[in-house]
Amino acid sequence: MNIFRILGDISHLLAIIILLLKILKSKSCAGISGKSQILFALVFTTRYLDLFTNFISVYNTVMKVIFLICAYVTVYMIYVKFRKTFDSENDSFRLEFLLVPVTGLSFLENHSFTPLEILWTFSIYLESVAILPQLFMISKTGEAETITTHYLFFLGLYRALYIANWVWRYHTENFYDQIAVVSGVVQTIFYCDFFYLYVTKVLKGKKLSLPMPV
C-alpha cells in the first residue's frame, strides 16, 4: 500500500458514491449509460472471485465487497427502479464490440492459463474500455449534467493515481505488471479530452457541451 493506491481507491469510491447520490436525489438516471454500468459490474464480478479463495487484508476485502454491492445497486436502479428515466435510445453503444475482443485478448495474453487468472485478466482489459459507452452517450447527446461530469472526473482521476501507484511500486518494490499498466494507460488516455473540458468548462461553472455528431 502507498499513498497513490489509497488516494486512487478513495477517488474510485467517491466517483461511485457521486453517481449513486445523483440517481437517488434526482430519482432519475438520465444521462447515465446503463451499458457502462453493466460492464463495470462485470469487471468487479470477474476480478473479485478471489474473495472466496484468497484473503489479503480487511481493507482489501471490504473495498471489494463495497464495489460489488455498489455496482449491482447502480445497475438495479437504472434498469429496474428508475427504468422510466433511462435514456435507452442514446445509450446505444454495441457491447459486443468490446466484449468479443476483450474476451479473445484475455485468453491470448495473460499471466497463467487458469480460470481465475483469465477472468482477472478479462476484468483488467474490460475496465480499460468500460467507460466508452458513457463517453459515446455524451458525444451523442452533446452535453452532460455537471454531477455526471464530477463522476467521470473522479473515475478518471482514480486511473491516473493508479499509474502513479505503479510507478512508485516499480521504483520501491521493483514490481511491474505489464497487463495492468498498459490497460490503465489506455483507460487514462480515453479521459484526456474529458479532463481538458472538465478543467476549462465545468470548474468554471459552465455546462459541459460537445459538438453534436453529424
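The values are calculated or read from the model by the stated rules, or taken from the named source; none is laboratory data. Bear in mind that the values here come from a model prediction, so they are computed numbers and not experimental data. Reconstructed Cβ throughout: ideal geometry from the backbone, glycine too, with neighbour counts over all protein chains shown. Surface areas here come from the heavy atoms of the whole protein model, side chains and all, with no ligands, DNA or RNA. Shrake-Rupley method; radii C 1.70, N 1.55, O 1.52, S 1.80 Å.
Can you list the HN-Hα couplings for region 142-153, worked out from phi with the Karplus curve (6.51, -1.76, 1.60; θ = phi - 60°), rounded to whole Hz and with x for Gly and Pro?
x, 7, 9, 5, 4, 5, 5, 5, 5, 4, 5, 4
Within 10 Å, at most 15 other Cβ atoms, and a DSSP state outside H, G, I, E, B define an exposed site. Report the longest part of the chain free of exposed chymotrypsin sites (Phe, Trp or Tyr not before Pro).
That would be 114-174.
Using a Förster distance of 30 angstrom, determine the FRET efficiency expected from the C-beta separation of Val186 and Ser57, and round it to 0.05.
Computed FRET efficiency for Val186 and Ser57: 0.60.
Determine, from the Cβ-Cβ distance of Lys84 and Tyr196 and an R0 of 35 Å, the FRET efficiency 1/(1 + (r/R0)^6), rounded to the nearest 0.05.
Values: r = 34 Å, r/R0 = 0.98.
Efficiency, rounded to the nearest 0.05: 0.50.
Would you mind telling me the share, in percent, of accessible area of region 20-106 contributed by carbon and sulfur at probe 1.4 angstrom?
Values: 3240 of 4680 Å².
After summing per-atom areas, the C and S share lands at 69 percent.
Quick one, what does Rg over Rh come out to for region 121-177 if you take C-alpha atoms and the Kirkwood Rh?
1.12
How would Thr188, Thr121 rank on accessible area, largest to smallest, probe 1.4 Å?
On the way: Thr188 20, Thr121 0 Å².
Of Thr188, Thr121, the descending order of accessible area is Thr188, Thr121.
Roll a 1.4 Å probe over the protein chains and send me the accessible area per residue for region 1-204 in Å².
51 Å²
Within region 63-82, which residues have the backbone N less than 20 Å from the label spot 7 Å out from Trp168 along Cα→beta-carbon, could you tell me?
63-64
For His12, tell me the accessible area in Å² from a 1.4 Å probe, rounded to the nearest 10.
Rounded to the nearest 10, that gives 10 Å².
Around Glu143, which amide H atoms from residues at least 5 apart in sequence, or from another chain, sit under 5 Å from its own amide H, with H modelled in the peptide plane?
Amide H to amide H, under 5 Å and 5 or more residues apart or across chains, Glu143 pairs with Leu210.
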